[in-house]
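Taking it in order: structure first as structure tokens, then the write-up.
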Amino acid sequence: MKRRPVLRGILATLLLLICGTGVYLYSWVHGARSAMQTVELEGAPAGGDSVKSRDSLVMPAEFARQFAAHYTVDTVSGHSGALIVDTSYRAIPRTSAVGGRKVSISVCGVDSRLNDRVEHADANHVITVWLDSGIVDIVSIPRDTPCDAGFGKGNRLNMLANLRARKGREAYLREVTAIAGLDTIEYYVDLGFSQARGVLELLGFRQNADDALRILRSRQAFASGDFQRSFNQGQFMRQMLLANLERMSGLDGEIAMRAGLFIVNTNLTLDTLKGIVHCLEEHNLAASPAHVTVSVKPEYYAKMAVFNFRDPQAMGALLNRINAKAAQLGIAGSNGDSVMAGFRRSIDRLVATAAQDTEKVPVRAVANLRRCFQQRVWWQISDLAERSRVRHQLGTILAAAYQRTGHADEAQRVREVVRFEEEMQSAGGAASPAGSDANGNAAAVPATHAWVPRAESSQSVRRP
């Protein structure tokens, strides 16, 4: 009979040990996760429009200063054989966690044909801003990274680029969150070929956006292929951030941010973006280049080449190397004029058909033009008058079709984008030459190099 009290005592002791262990484990896990706190900045929506509409928008004359940075690609002085780069960089994550409040943004370069709703994730990056320390980590992920894209076990088509095309943005974001080693990604920025040209022009590559885009998209010219390409893109974002952060203050900076948000597809709002910029300015990020890192995941331990994407000769040397490699492989690009002529004819046919549908079948007009408008197809046209014509026609017809189908808010949104870009284009004016090195120091800029237009990709499935 004496064994029962003893047994009860043993059970009670075990119960206390289990509970104590559970409390300890919870506190340990909670403490570890609290080091990475997600922050919802003021003005951030769950999705939808990235820029709030205004009843009136006055573009100040001094906005032309935002276009003062005019970068070039010098293929004459930049001989590929004399290209000197830093090859000591190891694109691996920080050895110690940063911790604190953070905001993570997925930046995805999608590849899809004109008016095609299928989007392949050809460029994949996650920018994490640590708000308490002002540190920025950029994780670049190669498009061929293995994942379950729904092709069956062992199929080589199971890669990140195809996951986005087959399963959509939400599945893509979950996969990228896991690869980057984060708990959440709060925001996304998606941009296609035409939108990327628009962003490059906004950053200062006004007369050679296609050259810059060709350099950033190339992988055949590098021994590590897509790893170096992904790293190059991450480094480009790093250098642009350091060079342009100080320009984002005041009204001019707000207009520049608004312009960028109008070009891309994103759930970021202007207020959220301003909050992030304010945080980085408070920590004087522009004076601390080492606080912005670029790493490649899955981890790639080989040393990477670091190029200065704001140096005309370095850009020219890279372009020369890429063109030489393309010629060697027999993959030289097609005639730019014929490609652009075909591109314009395709747009004109879509617009003409939608104009006829607007009166009788406005739903079909919306279906035919909505995707083109999301792609901002006019940014692929270098001639400003022709670009303005296509943007105005497409926007006018789409807004009228939206209005007829009872979507007045969408119609207003289209009109706002068109009006803003028209005023931005008229206020931009001529850009004065300027340039800088990888950390924002001034550099001389020679004459510009002509750009060559490229067509949207026609591949339906990415292959390794």
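Readers should treat all values here as calculations from the given coordinates under stated rules, not as data from a laboratory. Bear in mind that the values here come from a model prediction, so they are computed numbers and not experimental data. Every residue, glycine as well, gets a Cβ built from its backbone with ideal geometry; the counts of neighbours run over all protein chains shown.
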Check your understanding: Under the Karplus relation 6.51 cos²θ - 1.76 cosθ + 1.60, θ = phi - 60°, what is the ordered set of whole-Hz ³J(HN,Hα) values for region 169-178, x standing for Gly and Pro?
Key -> 5, 4, 5, 4, 5, 4, 5, 5, 4, 5
Revision key, fill the gap. hull vol. (C-alpha, convex hull) per residue for region 121-161, Å³ -> 73
Practice item. Give, rounded to the nearest 20 debye, the magnitude of the charge dipole that region 379-430 has about its Cα centre when Lys and Arg contribute +1 at Cβ and Asp and Glu contribute -1 at Cβ. Key: 140
Revision key, fill the gap. Expected vector for region 375-382, Karplus 3J(HN,Hα) from phi with 6.51, -1.76, 1.60 and θ = phi - 60°, integer Hz, x for Gly and Pro, equals 6, 6, 4, 5, 5, 7, 9, 7
Exercise for review: At 4 °C and 1.567 mPa s, grab the translational diffusion coefficient of region 218-330 from Stokes-Einstein with a Kirkwood Rh over Cα pairs, rounded to a whole number in µm² per second.
Suggested key: 79
Exercise for review: Starting from the amide H of LEU131, placed 1.01 Å from N in the peptide plane, find each other amide H under 5 Å away whose residue is 5 or more places distant or on another chain.
Suggested key: ARG101, LYS102, VAL103
Exercise for review: Pop a pseudo-label 7 angstrom from the Cα along the beta-carbon direction at both ARG174 and GLN374 and give the gap in nm to one decimal.
Suggested key: 2.0
Check your understanding: Which FRET efficiency, nearest 0.05, do GLU282 and ALA326 yield, Cβ-Cβ r, R0 51 Å?
Key -> 0.70
**Study point:** Gain on full stretching of the segment that runs from SER77 to LEU384 - 0.36 nm per residue minus C-alpha separation
**Key:** 107.6 nm
